[in-house]
Amino acid sequence: MNMSNHIASSSGNQTEANSGETQNSARSAWMSILAKSNPDELVRAWERLDDKPNWRWLRKPETGLVMVRGRAGGTGSAFNLGEMTVTRCAVVTEGGEGAPGFTGQGYLAGRDRKHAELAALFDALLQDTSRRPALENTLLKPLEDELAGKRRKASAKSAATKVDFFTLVRGED
């Protein structure tokens, strides 16, 4: 998924609903990148920030289970596949000079509480339109490129083991 396809500024002729959908799509895209990225990269990005905002917890990181559902062949009846561990967190940043703060949320697979905290913090920062362009270039783009590289590597590894089965029709002897 390419962030540039998802993050677009609202044009004057779009309705408010379309603008909200575009914003939700962009947020969904960056939340996915933050959740799937290497947590060490998020730590380094946070440490590099010069103007870290003041923030407080809305929900401290907590780990729980969610039910994963599936469908046979993608179209069959839904069934419970099993449970998956998920960690979630919510923070709110303080706005400066009477400006409102932003609420950030982090949801990710696994038990990494610090990763969930940083994902929530960066989600809040990315909602601030004055910070977003810099964070897109210095944080999201490199993380997205790293994830795409991992997908390509996994795909190439999988393709190397691909077996093509074919049926040979024999003529009548």
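With respect to the conditions (1) open to solvent by less than 70 Å² (accessible area, probe 1.4 Å); (2) of a type outside the set (S, T, Y); (3) touching a residue at least 60 places away in the same chain (Cβ under 8 Å), K114 falls short on a single one, namely (1).
Taking segment 41-58 as the range and being within 19 Å of the chain's Cα centre (by Cα) and in contact (Cβ under 8 Å) with a residue 12 or more places away in the chain as the test, the residues that pass are E41, L42, V43, A45, W46. Criterion first (within 23 Å of S28 (Cβ to Cβ), surrounded by fewer than 17 Cβ atoms within 10 Å (Cβ to Cβ) and in contact with a Lys or Arg (Cβ under 7 Å, 6 or more places away or on another chain)) does T63 satisfy it? Yes. For segment 122-144, filtering for residues that are over 20 Å from T22 (Cα atoms) and over 13 Å from the mean Cα position of the chain (by Cα) leaves 2. Among the residues here, A160 does not qualify as in contact (Cβ under 8 Å) with a residue 60 or more places away in the chain, more than 22 Å from Q23 (Cα to Cα) and small (G, A, S). Being within 21 Å of A35 (Cβ to Cβ), touching a Phe, Trp or Tyr at 6+ places or on another chain (Cβ under 9 Å) and modelled with pLDDT under 95 is the requirement here; does D123 meet it? It is false that D123 is within 21 Å of A35 (Cβ to Cβ), touching a Phe, Trp or Tyr at 6+ places or on another chain (Cβ under 9 Å) and modelled with pLDDT under 95.
Checked against the criteria, L108 counts as aliphatic (A, V, I, L, M), touching a Ser or Thr at 6+ places or on another chain (Cβ under 9 Å) and in a strand (DSSP E or B).
Looking across segment 146-167 at every residue that is hydroxyl-bearing (S, T, Y) and assigned to a loop (DSSP other than H, G, I, E, B), the one that is most open to solvent (accessible area, probe 1.4 Å) is identified as T167.
The rows are residues; the columns are (1) of a type in the set (A, V, I, L, M, F, W, C); (2) assigned to a strand (DSSP E or B).
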| site | (1), (2) |
| --- | --- |
| G73 | no, no |
| M84 | yes, yes |
| V92 | yes, yes |
| G95 | no, no |
| G104 | no, yes |
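The values are calculated or read from the model by the stated rules, or taken from the named source; none is laboratory data. Every value quoted in this text rests on a predicted model; they were computed, and no experiment measured them. Cβ: placed from backbone, ideal geometry, glycine included. Neighbour counts: every protein chain shown. The area values use the complete protein model at the heavy-atom level, side chains included, leaving out ligands, DNA and RNA. Shrake-Rupley method; radii C 1.70, N 1.55, O 1.52, S 1.80 Å.
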